[in-house]
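Engineer: I have a structure here, written as structure tokens, and I will follow up with some questions on it.
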Amino acid sequence: MRLLAQAVLLCLTLFGLSVQAETVNNLYQVREPVTSQQPEERSQALVRALETLVLRLSGDAKAAQSPALEAVRKDPQQLVSQYGYEGQVLVVDFDPITTERTLRQAGIPLWSPNRPAILAWWLNHSGEGSNSLVGDGQEAATPLRQAAQNRGLPLRLPLADLEEQLLATPEQLTSAQPGALTQASERYGADALLAVDASEADGKWQAQWRLWLGDSREQGTAEGADSAALADAVMSAVSQRLATRFVVAPGAGQNLEIEVQGANLARYAELSRLLEPFGARLLKVEGDRLEYQVNASPEQLRAQLALAGLQEAPPEAPAAPAPSADPQAAPAPQVVPRNNVLRFRW
């Protein structure tokens, strides 16, 4: 494999790569609110932090309650590398290697740190009837960013200038199609578009949300006691919906081979990260073409590779038999392409 990797470095030319998918930072750090630093409350907060981490890594709300994790739930500190307090927040750093090994042994599928970058058009209705689009740098953006980090989602926010404020109307954000938001979102280079229409009534917050990723659309409703709780509820729902497209459950995949054309050194590095959750094994390097063996479902593989801007190539047609010089000879058999090979190109 070392020789093969060296061949990649020799065969591929280094130049730029434009990819929207982002690697989530501080994926194994959880910030849990507390009211004191008493040992009993710290123990409870560590359990909550573990549950948050398992949901963040798997996208499965029930995964943390797996019987295989019972011992870890009783003593989360066996996965903790360090913890400390920042005011009324317990900051817990879990050890990535130990945590990943424990979850895999428990049969819990894990989501790669490379995840779709989400542009959120979030409109808040106040109790006085005014509307405000949450923009990057605003104070109102803080709970959104905290909720996205808590759920392991790369989040981007619009500038919320006058033109965008006029565009992001309640009618536009609750429309079945993104419409004009699509063009307005291009400047931010995200993978997914999230439209949220949030309002406050009787001291509670509620929202309708819609998510577009490629040709797929998800939608739902959420509520919370305050704006921070609502943001976390929306991001949690979005995380779980996205995970079904990118997380491969044990035994759910199949052995596939993929061919990727148009590669270079930067693209090889990015592709290796994207294919890591599928146990990818590099089989062959030929010019700008890479061949891998993976264990995945075709649908999840297509969703993952779309994050790198890859397009699926049509399957190869059967090769026509060569004409025979002897008219009496039996026709040569056609060469039929393998049906477990998916082909992509940049």
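Engineer: Once label points are set 7 Å from the Cα along Cα→Cβ at both Gln82 and Arg273, what is their separation, rounded to one decimal in nm?
Structural biologist: Modelled inter-label distance: 2.4 nm.
Engineer: Additional query: With a 1.4 Å probe and all protein chains kept in place, how much accessible area does Lys284 have, in Å² rounded to the nearest 10?
Structural biologist: 80 Å²
Engineer: Do you know the relative contact order of the chain, to the nearest whole percent, from alpha carbon pairs under 8 angstrom that are 6+ apart?
Structural biologist: Relative contact order of the chain: 18 percent.
Engineer: Mind checking the full-extension length gain between Gln44 and Glu171? Use 0.36 nm per residue of separation minus the Cα-Cα distance, one decimal, nm.
Structural biologist: Working it through step by step, the gained length comes to 41.4 nm.
Engineer: Oh, and also: What do you reckon, how do Glu100, Glu41 stack up by accessible area (1.4 Å probe), largest on top?
Structural biologist: Glu100, Glu41
Engineer: On a 0 to 90 degree scale, rounded to 10, what angle separates helix 141-150 from the longest Cα axis of the chain?
Structural biologist: Rounded to the nearest ten degrees, it is 60.
Engineer: Based on the Cα gyration tensor of the chain, what are the three equivalent ellipsoid semi-axes, each the root of five times an eigenvalue, rounded to whole Å and given largest first?
Structural biologist: Working: eigenvalues 359, 153, 62 Å².
Value: 42, 28, 18 Å, ordered largest first.
Engineer: With a 1.4 Å probe and all protein chains kept in place, how much accessible area does Tyr188 have, in Å² rounded to the nearest 10?
Structural biologist: 40 Å²
Engineer: Choose one answer from Ala198, Ala207, Ala180: the residue with the largest mean-square fluctuation in a GNM of the chain with alpha-carbon springs under 10 Å.
Structural biologist: Ala180
Engineer: Near Lys62, which lysines are there with a Cα under 26 Å away, not counting those fewer than 8 places off in the same chain?
Structural biologist: Straight-distance partners of Lys62: Lys74.
Engineer: What accessible surface, in Å², does a 1.4 Å probe find on Asp136, ignoring ligands, DNA and RNA and rounding to the nearest 10?
Structural biologist: 80 Å²
Engineer: For segment 59-201, state the average projected area of the convex hull of the C-alpha atoms over all orientations, rounded to one decimal in nm².
Structural biologist: Orientation-averaged projected area of the Cα hull: 11.7 nm².
Engineer: Pick from Leu27, Leu265, Leu211: which is most flexible by mean-square fluctuation in a GNM of the chain where alpha carbon atoms under 10 Å apart are linked?
Structural biologist: Leu265
The values are calculated or read from the model by the stated rules, or taken from the named source; none is laboratory data. For clarity, every value in this text was computed on a predicted model and none was experimentally measured. Here Cβ is always computed from backbone atoms with ideal geometry, including for glycine, and neighbour counts include all displayed protein chains. Only protein heavy atoms, including side chains, enter the accessible area calculation; ligands, DNA and RNA are left aside. Shrake-Rupley method; radii C 1.70, N 1.55, O 1.52, S 1.80 Å.
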